[in-house]
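Comments concern the structure below.
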Amino acid sequence: MTAAGKYPPSQTFVLGCGVAGLAAIGTSKAMGSVVRAWDVRDVSDQVHSMGAKWVTVDFKESGEGQGGYAKESSDAFKRVQQETFRKVLAEVDIAISTAAIPGRPSPLLITKEAVSGMKPGSVIVDLAAQGGGNCELTKLNEIVTTPNGVTIIGYADMPARMASQASTMYAQNMCNLLRHIHGTGKASDFMKKLLGALDAPGDEGDIVSRSIVCTRDGKAVTMPPPPQPTPVKPKAAAPAEKKVVKEDPLKAAAAGAFVLTFGVCCMLAMGEGVKTSLLTTFLLAGAAGYQAVWGVAHALHTPLMSVTNAISGCTAIGGLLLMEKTSSPFAYLLASLALLVSAVNIFGGFVVSQRMLDLFKKPGDKDYTAMMLFPGLVFLFVSLTRPELLKAVSTVSALLCVAAIGGLATMSTANAGCKFGMVGVFGAMAATMVDMTEGNLVFAAILLAIGGVGGVVMGLKVSPIALPQTVAAFHSLVGLAATCTSIGSFVHHPVPGATMENTSCILGDFIGGITLTGSLIAFGKLNGNLSSKELSLPGKNYLNLGGLTLFIVLMYYFLQEGDPCGTLILWVVAILACLMGLHLVASVGGGDMPVCITVLNSYSGWALVAEGFLLKSNVLTIVGSLIGFSGAILTKIMCDAMNRDIFNVLFGGLNNAPVVKGADTGPKEHVECNVESCADMIVNAKEVLVVPGYGMAMARAQTPMGELASMLRKNNIILKFGVHPVAGRMPGQMNVLLAEAGVPHEWVLEMDEVNPDMENFDVVLVMGANDVVNSAAQELEGCAIWGMPVIEVWRSKKVIFCKRSMGGGYADLDNPVFYKSNTEMLLGDGKKTADALVAKVRERLEAV
């Protein structure tokens with residue numbers, strides 16, 4: 001980029017890598033050219049160290065002569081050599097030849113046939129002209145222009161000559177000067193504007209126009225005083241280092257003691273009405289889920305959420321239990337609805353989970369984890385023949401659901417973990433259904449078949465890009481099932497009073513309603529049906545607080561002895577919860593939506609716990625506790641990755657910061673590049689990093705990116721993928737998409753693994769990402785993503801953004817990295833750009 005305009009980098013080919021050749025490489029690189037080099041000797045290490053690309057002649061012959069000079073090559077080598085040169089010369093703009101053998105004529109490297117294939121305007125600088133030249137058409141101390149427009153310089157006194165490119169820039173500057181004076185009017189307006197500037201009183205006329213006119217009407221024109229130079233901007237004072245304040249041990253101990261005491265009191269309060277066995281089950285399952293989730297790899301967070309979502313379909317067990325024991329038609333209807341939607345969730349969730357895990361398989365990998373389904377036959381046999389062991393079947397099934405999360409800790413055991421979940425849910429369902437009457441069993445089987453077919457169809461049709469909204473939609477089914485079962489249970493047994501069943505009933509109703517509408521709003525935002533911006537109603541914090549207060553009041557009246565309006569209160573609570581769920585999730589901005597999904601996942605678990613306490617079911621209590629705690633821990637992990645306050649997400653943007661304390665003082669001019677120059681930079685790089693984002697997923701560009709990675713690695717160019725923990729619309733979504741494209745998971749690194757080595761990357765290609773590479777998180781205090789850990793791509797040598805436009809990301813925030821000096825924008829359709837880039841890179845690599 002120059003004052004005269006923007007030019008794509010030139011392509012230079014240096015033939016001969018002695019002292020003169022290495023100097024030519026260094027000078028060309030310093031001027032921004034993309035350089036390739038060749039020598040008969042293997043000096044590729046020196047060439048690579050100077051940032052150039054080594055051109056290989058596919059012919060084995062030693063080129064080392066006496067004294068370190070090149071020796072003369074054989075005829076066979078020359079033929080292969082000249083064919084290689086012909087291909088390279090057809091692509092470059094400048095060829096500099098320095099090959100000379102002392103005491104002998106200069107070797108012929110560039111034939112006239114090769115010259116005829118070069119682009120018009122290309123230049124050959126033959127520094128070996130004194131010995132006859134490396135080019136067949138070189139003439140000593142002359143400049144030759146061929147019929148196809150190639151200039152061949154054969155001067156033997158190059159140090160005494162000056163380059164003539166300045167004239168081109170001078171012409172461009174003169175053109176810009178005339179355009180400045182002329183403005184946007186017609187041609188006839190040129191003199192009017194020039195004279196108008198001269199006739200303007202005082203210093204009001206355009207200073208440029210007044211400065212270029214020396215005389216007018218035979219009189220000298222007074223030169224206007226030069227403008228005052230722009231004062232040097234004072235250097236900003238270095239920010240004072242934040243002093244690390246040591247935490248007061250007394251305060252830390254007091255806070256820890258308070259939290260522990262509060263937790264113990266809550267557990268003891270639960271023990272007031274909850275059976276000891278259920279309470280023990282709840283606490284142990286929660287501890288197991290807590291430990292298991294911390295070990296799950298970031299790349300498997302999406303399958304983790306999908307598996308836990310499928311397991312949460314155990315709300316079907318609540319529907320089955322209610323169908324069997326109720327005599328109320330309305331309660332039976334609610335139970336049937338709960339069973340139907342839960343079946344969709346179970347079958348659809350496991351189909352989606354298995355499809356995702358299959359994407360991580362490498363070609364040739366054999367998977368025998370289907371054998372893990374055999375225990376399901378044991379569960380079925382025992383359930384049918386040994387009714388006294390039904391509780392044992394339910395307990396072991398629940399433990400397999402816990403093991404499912406543990407299995408998702410690593411890639412090698414993830415498929416087995418998914419099978420554990422399938423067997424666990426199957427065993428729990430079988431143990432429940434064998435106790436049903438024949439009529440209820442047949443009807444339940446029909447509902448399961450209908451819901452299962454619907455879930456399988458949805459699971460097979462959904463694409464990896466739509467996984468976040470699919471999981472959100474499935475969460476809404478869990479909420480609906482929990483609400484239906486809670487209300488139906490009270491309709492079946494409407495006994496008022498402060499009992500454990502009634503407390504669990506109204507809590508399940510409330511949590512289920514929030515999960516239902518909250519998940520639907522999340523689905524609308526993720527699917528593009530609703531705006532990603534947060535809903536900011538006046539006094540929204542008071543609305544949330546008012547809703548919670550009203551729920552506590554309703555809960556108080558519901559638990560009163562002799563209250564005949566229990567069913568009505570439950571319906572009012574359901575409506576209130578649905579409204580609160582709508583407002584809570586709508587108040588969360590698009591940037592926090594990945595965290596919001598994990599919160600909803602946790603809510604579905606707590607709804608299951610309430611249902612387990614209500615129906616005195618160990619299975620529902622274990623599974624609900626597992627999902628609730630695991631979802632809460634995953635939320636904590638996501639909040640840490642985004643530097644978000646967990647209460648801000650839980651309560652719908654309670655602490656949103658409205659004021660940006662800093663200002664973006666960077667320039668607002670960006671530099672664009674094209675596919676050709678981008679391909680040249682990638683081919684001439686040693687290490688390349690690709691940062692994928694949701695834009696890549698929307699454009700379906702992960703397949704060409706996978707192809708690019710394989711191609712570069714085969715040519716000894718290291719390409720890695722750097723994935724942010726919350727890139728996309730769901731934790732781990734980018735890992736799934738890259739696996740779909742056949743990218744081995746060893747090539748995919750996390751943010752904390754690439755940030756320390758960012759300066760080592762020659763090129764960083766940001767493919768459809770924005771918020772996760774936005775430097776505003778560190779530069780604009782108070783902005784929507786302030787403090788969020790991001791992939792610091794601006795610290796690399798060159799950043800190329802491949803995106804559709806200059807628009808902001810999902811958080812709708814401008815990205816200062818667009819305007820930094822080492823950034824170029826490759827704008828256009830993601831898929832078309834990626835395909836064109838792969839084609840150009842392949843073409844460049846094949847030419848080399």
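Of note:
- Enumeration of residues in region 395-421 that are under 19 Å from TYR368 (Cα atoms) and out of contact with any helix residue (DSSP H, G or I) (no Cβ under 7 Å at 6 or more places or on another chain): ALA409, THR410, SER412
- GLY732 vs. criteria out of contact with any helix residue (DSSP H, G or I) (no Cβ under 8 Å at 6 or more places or on another chain), farther than 24 Å from LYS686 by Cα and open to solvent by less than 40 Å² (accessible area, probe 1.4 Å): no
- Region 131-143, residues that are open to solvent by less than 30 Å² (accessible area, probe 1.4 Å) and touching a Gly at 6+ places or on another chain (Cβ under 7 Å): GLY133, THR138
- For the criterion of being without any contact (Cβ under 8 Å) to a residue 60 or more places away in the chain, farther than 26 Å from LEU634 by Cβ and open to solvent by less than 80 Å² (accessible area, probe 1.4 Å), GLY364 passes.
- Taking (1) more than 30 Å from the chain's Cα centre (by Cα); (2) touching a residue at least 60 places away in the same chain (Cβ under 8 Å) in turn, GLU388 satisfies each apart from (2).
- Screening LYS831 with (1) surrounded by fewer than 19 Cβ atoms within 10 Å (Cβ to Cβ); (2) in a loop (DSSP other than H, G, I, E, B) gives one miss only, at (2).
- Exactly one residue out of SER796, SER805, SER821 is modelled with pLDDT of 85 or more and not hydrophobic (A, V, I, L, M, F, W, C), and it is SER796.
- Some residue of region 720-742 being closer than 20 Å to ALA701 by Cα, of a type in the set (Lys, Arg) and touching a strand residue (DSSP E or B) at 6+ places or on another chain (Cβ under 7 Å): yes
- Of the residues screened, ASP762 is one that is crowded, with 18+ Cβ neighbours inside 10 Å and over 17 Å from the mean Cα position of the chain (by Cα).
- Scanning region 545-595 for residues that are touching a Pro at 6+ places or on another chain (Cβ under 7 Å), at pLDDT below 80 and either open to solvent by 40 Å² or more (accessible area, probe 1.4 Å) or part of a helix (DSSP H, G or I) (or both) yields GLU561, GLY562, PRO594.
- Test for THR470: is it within 27 Å of the chain's Cα centre (by Cα) and among the β-branched types (Val, Ile, Thr): yes
- Residue that is modelled with the lowest pLDDT, among those in region 440-469 that are polar (S, T, N, Q) and open to solvent by 20 Å² or more (accessible area, probe 1.4 Å): SER463
- Look at region 609-623: where a residue is closer than 14 Å to THR280 by Cβ and a partner is open to solvent by 10 Å² or more (accessible area, probe 1.4 Å) and not in a helix (DSSP H, G or I), sitting 6+ places away or on another chain with Cβ atoms under 7 Å, you get PHE613/VAL274; LYS616/LYS275.
- Region 272-299 residues that are more than 30 Å from VAL736 (Cβ to Cβ), paired with ones that are modelled with pLDDT of 70 or more and surrounded by fewer than 15 Cβ atoms within 10 Å (Cβ to Cβ) (beta carbon under 7 Å, 6 or more apart): GLY273/THR499
- Criterion: open to solvent by 50 Å² or more (accessible area, probe 1.4 Å), more than 30 Å from THR410 (Cβ to Cβ), at pLDDT 75 or above and in a helix (DSSP H, G or I) - qualifying residue of PHE347, PHE374, PHE330: PHE330
- Some residue of region 530-544 being buried (at least 18 other Cβ atoms within 10 Å of the Cβ), closer than 21 Å to MET698 by Cα and at pLDDT 80 or above: no
- For region 407-439, a tally of residues being assigned to a helix (DSSP H, G or I) and open to solvent by 40 Å² or more (accessible area, probe 1.4 Å) returns 8.
- Considering only residues in region 377-395 that are out of contact with any Gly (no Cβ under 7 Å at 6 or more places or on another chain) and of a type in the set (A, V, I, L, M), the one that is surrounded by the most Cβ atoms within 10 Å (Cβ to Cβ) turns out to be VAL382.
- Only one of the numbered conditions (1) within 25 Å of ILE718 (Cα to Cα); (2) open to solvent by less than 30 Å² (accessible area, probe 1.4 Å) is not met by GLU824, and that is (2).
Residue-by-condition table, conditions (1) more than 17 Å from SER625 (Cα to Cα); (2) modelled with pLDDT under 90; (3) crowded, with 23+ Cβ neighbours inside 10 Å; (4) in contact with a strand residue (DSSP E or B) (Cβ under 8 Å, 6 or more places away or on another chain):
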residue	(1), (2), (3), (4)
CYS484	yes, no, yes, no
ILE487	yes, no, yes, no
VAL491	yes, yes, no, no
PRO496	yes, yes, no, no
THR499	yes, yes, no, no
ASN502	yes, yes, yes, no
GLY513	yes, no, yes, no
LEU516	yes, no, yes, no
ALA522	yes, yes, yes, no
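- Qualifying positions in region 458-498 - in a helix (DSSP H, G or I) and either among the charged types (D, E, K, R) or without any contact (Cβ under 8 Å) to a residue 60 or more places away in the chain (or both): LYS461, ALA473, SER476
- For GLY782: the one exception among (1) at pLDDT below 85; (2) farther than 25 Å from ASP829 by Cα; (3) surrounded by 19 or more Cβ atoms within 10 Å (Cβ to Cβ): (3)
- Residue within region 619-633 that is out of contact with any His (no Cβ under 6 Å at 6 or more places or on another chain), modelled with pLDDT of 80 or more, buried (at least 24 other Cβ atoms within 10 Å of the Cβ) and closer than 24 Å to GLY524 by Cβ present: yes
- Meets criteria (of a type in the set (Asp, Glu), open to solvent by 70 Å² or more (accessible area, probe 1.4 Å) and modelled with pLDDT of 85 or more) for GLU64: no
Yes/no per residue for (1) open to solvent by 40 Å² or more (accessible area, probe 1.4 Å); (2) in contact with a Gly (Cβ under 6 Å, 6 or more places away or on another chain); (3) modelled with pLDDT of 90 or more:
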{"position": "ALA70", "(1), (2), (3)": "no, yes, no"}
{"position": "GLN82", "(1), (2), (3)": "yes, no, no"}
{"position": "PRO147", "(1), (2), (3)": "yes, no, yes"}
{"position": "VAL150", "(1), (2), (3)": "no, no, yes"}
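The values are calculated or read from the model by the stated rules, or taken from the named source; none is laboratory data. Note that this is a predicted model, so its numbers are computed, not measured. Every residue, glycine among them, receives a Cβ derived from its backbone with ideal geometry; neighbour counts consider all protein chains shown. We work out accessible area using only protein heavy atoms, side chains counted, and drop any ligands, DNA or RNA first. Shrake-Rupley method; radii C 1.70, N 1.55, O 1.52, S 1.80 Å.
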